[in-house]
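Comments concern the structure below.
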Amino acid sequence: MQQPFTLPQTNQTLPDMPRRAGARQSIRAVLAAAILSAGVASVSTAALVERTLATASPSATGTPAAAATTNGSLTSTGGGTAAAAGDPVVAAATATSPAVVTIATTSSAQSGPSAGQISGIGSGFLYSADGWILTNAHVVEGASSVTVTLADGRTFTGRVATSDTSADLAVVKIDGSGLPTATIGSSSSASVGETVIAIGSPLGSYSGSVTSGVLSATGRSISVGDAQTRNVENLSGLLQTDAAINPGNSGGPLVDLSGRVIGIVTASSGSAEGIGFAIPIDAASSIMAQALQAA
């Protein structure tokens, strides 16, 4: 049985966290028990989990590992060690990190404990060199302004091109050309137990962070509570991973060891460790294509 629906504190300062003066973190989340089904990966998970959206100032200094990509192919620019060069996690992170962005938003709350201006931080990734970015709908929902910071520190004003709240997916557009892009893979070919990595901006302060784990299961179903609206959304067909997922990771890519995006990080369990969820990249193909066609 799920625990009662409760709201977390907002604008909660995290103790003992190094960050810029005045930066504050809040977990935009509702916590409840995760009821996990044992057995095969296709078994659903009924859980009330937390959104991984942070409210903090993004770091403009987060630069990726020393490498450059062109259409997903890795080009070494020096640095590192021989051991690291042969590590597939390092290679996948190096290939994908330049395309991962930090998304900062400003929105207004008319009532409730968070009335006034609200600043949020999430992640996303470029899938087209002319500035098309895939992220979560809850990262940009209700935003009056969107600022996108690339891994190399460049900052752009973004606009929400399209959003599907039922699927928790959105596309943000920035004006640019020749931008680094992530290689899009196929979630249908992903195997339970394979190593995966998550890249994003946890807590809004640590842009370009890489965490690794395994693909724990596929076909999971969860219920997600929104601390601002008190709405509960149901998402299904999700990928589950034990790679560390924190507030601010929302919208960032889940990548396989070939450096291909297989999912979009969306939530993590608020009552257990090592249980995170990502939307399969195959489920995002239509919204990505629609945005490009409408341009």
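The values are calculated or read from the model by the stated rules, or taken from the named source; none is laboratory data. What you see is a predicted model; the values in this text were computed from it and never measured. Please note: Cβ atoms are built from the backbone with ideal geometry, for glycine as well, and neighbour counts cover all protein chains shown.
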Within the stretch 115-159, count every residue that is over 10 Å from Ile103 (Cβ atoms), aliphatic (A, V, I, L, M) and under 17 Å from the mean Cα position of the chain (by Cα).
5
Would you say Asp175 is in contact (Cβ under 8 Å) with a residue 12 or more places away in the chain, among the acidic types (Asp, Glu) and crowded, with 21+ Cβ neighbours inside 10 Å?
no
Among the residues of the stretch 248-268, is any in contact with an Asp or Glu (Cβ under 8 Å, 6 or more places away or on another chain), not charged (D, E, K, R) and not in a strand (DSSP E or B)?
yes
State all residues of the stretch 191-207 that are at pLDDT below 95 and either of a type outside the set (S, T, N, Q) or in a helix (DSSP H, G or I) (or both); if no residue qualifies, say none.
Pro202, Leu203, Gly204, Tyr206
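Considering Val224, Val232, Val261, which residue is of a type in the set (Val, Ile, Thr), within 23 Å of Ala170 (Cβ to Cβ), in contact with a Phe, Trp or Tyr (Cβ under 8 Å, 6 or more places away or on another chain) and surrounded by fewer than 23 Cβ atoms within 10 Å (Cβ to Cβ)? Don't jump to the end; show me each part of the working.
Numbers: Val224 fails: in contact with a Phe, Trp or Tyr (Cβ under 8 Å, 6 or more places away or on another chain); Val261 fails: surrounded by fewer than 23 Cβ atoms within 10 Å (Cβ to Cβ).
Every option except Val232 fails the conditions.
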For a quick check of your reading: which strands (runs of 3 or more DSSP E) sit entirely within the stretch 95-148 and have at least 3 residues that are at pLDDT below 95?
100-109, 116-128
